[in-house]
Amino acid sequence: MRRLLIYVLFLVSMTAGAAEKDSTAFVHRVGLDMRAAYLNQSHDFFRGKNALGRPMKTILSGHAQYSFMFPADSPLGRMYPNAYQGIGVASYSFLNHQEVGTPTAVYVFQGARIASFGPELSLGYEWNFGASFGWNPYAPADKDGNGGNLANLVIGTKVNAYVNAGLMLSWSPVPEWTLSAGLDYTHFSNGDTYFPNSGIDGLGGRVGVVRSFNGIPASRRGNMRWNDFKGMKFADRVSVDVIAYGAWNAENVQYGDKGYMLDGKFGVFGLHVNPLYRISSFLRVGPSLDIQYNEGVNLGAHVVGTDPDENEIRFFRPPLSEQLAAGLSLRAEIQMPIFSVNLGIGHNILYKCEELGGIYNFVALKAFVTKSLFAHVGFKASYTESSNNLMLGIGWRFGNNAED
């Protein structure tokens, strides 16, 4: 059976052209994959309090992807010989179109080989990051008590962020064709910009196929090298990322034994100063100074009263000092062509409001427009569950000598 499959794929590859591969050409890749995941039962809506009257346990999706690899003889191709990056589109089903919808995700993605187990078999990773459209969010009933989407207390917006990460075994029986199978994790959320926002998480499996065109495909390239930049001065291996970001949050306040959803949105603004030491061609580490202003925290300490008729709460605006915090975090950054993934964990050291205390963590994607300028999209999560927020910003990398 294996020989028959190799023979069929070989014939298809031959019909696409058997010209000698060019080490100075970009490799273009087209892929299809199917994914199925177990839906985390994190909310009563998933556990059966829905129009179906039964638990929702399955997430299904189909993906179409285009990606490219840098030429094998280019600087980036030599440093990251099997990295690929591109754009993808996917259709998701939760088997409950009426209450959840059938969203479409559009995303950027990147992957690379981690280890080889021979000339044909390898282990790799891939992440996806983008937006998903076409959700059926929570909606209240009209004034007569009709309509609405009342059971769905999980999704509050028609557009949500989409995040996926996976590990796959890849088999290349012929260089231009790659078959893969593995495990992946999926998350949907609006970053607390609107309520409700319980988030959706799934863990499952994926299978796919990729056809490569032009240049030297990944199966004929080596693994990434652990480049330790021998001979380079310490200072030349240090860069400093300065990032400014903003976002908006929906907020609620617990007053007495009742919770109140607040009208409007509350701004979040932040600044990161993050020195990074380059350990290898794909890993940087370092500390970060994190300063943030969040006008949605500590509102419960300044309540004036409530209006029972309107079901509203009144409060004074807290002083600036109670909504400002400064913390220190440790960061690790996976550096690849165009994109970097930055992970961090920290603790505020200067703050007045109890809501801003405790440990927080970051996950962010940097997309480099130039060698130094990058867009920054991420999410900050606090273990107090009071100051979670998106991070939509821009950054500049100073002292990027290790790239030269």
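The values are calculated or read from the model by the stated rules, or taken from the named source; none is laboratory data. Computed from a predicted structure; not experimentally measured. Heads up, the Cβs are rebuilt from the backbone with ideal geometry, glycines too, and the neighbour counts pull from every protein chain shown. Just so you know, the surface numbers come from the protein's heavy atoms only, side chains and all, with ligands and any DNA or RNA stripped out. Shrake-Rupley method; radii C 1.70, N 1.55, O 1.52, S 1.80 Å.
Structure data summary
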| read-out | value |
| --- | --- |
| Rounded accessible area per residue of the chain, 1.4 Å, Å² | 48 Å² |
| Region 222-289-region 117-153 distance, computed between alpha-carbon centres (Å) | 25 Å |
| Pair-distance profile P(r), taking every C-alpha pair of region 155-199, with 5 angstrom steps and integer % | 5, 19, 17, 12, 11, 10, 9, 8, 6, 2 |
| Mean separation of Cα contacts under 8 Å, 6 or more apart, over the residue count of the chain: relative contact order % | 12 percent |
| Stretchable slack from Leu373 to Val285, in nm (0.36 nm times residue separation minus alpha-carbon distance) | 29.8 nm |
| Cα gyration tensor shape of region 246-404, rounded if a/c is under 1.5, else prolate or oblate by comparing a/b with b/c | prolate |
| Under 14 Å, Cβ to Cβ, from Asn160 - net charge with Lys/Arg +1 and Asp/Glu -1 | -1 |
| Portion, in percent, of the accessible area of region 113-157 that falls on carbon or sulfur, probe 1.4 Å | 62 percent |
| Anisotropy class of the chain from Cα gyration tensor, a/c 1.5 cut | oblate |
| With every protein chain in place, region 336-382: carbon and sulfur % of accessible area (1.4 Å) | 71 percent |
| Cα→Cβ-extended label distance, 7 Å offset, between Gln254 and Ile334, nm | 3.6 nm |
| Of all accessible heavy-atom area on region 166-276, the percent that carbon and sulfur account for (1.4 Å) | 62 percent |
| Contact order normalised by residue count of region 82-239, Cα under 8 Å, 6+ apart, percent | 18 percent |
| Sites Asn146 and Arg47 - FRET efficiency at Förster radius 22 Å, r taken between beta-carbons, to 0.05 | 0.25 |
| Expected 222 nm ellipticity per residue - DSSP helices of 4 or more, -39500 (n - 2.57), all of the chain, to 500 | -1500 deg cm²/dmol |
| Entries in Lys57/Lys366; Lys57/Lys158; Lys158/Lys380 that, when Cα-Cα distance is taken, lie over 24 Å | Lys57/Lys366 |
| Cα gyration tensor shape for region 146-302, rounded if a/c is under 1.5, else prolate or oblate | oblate |
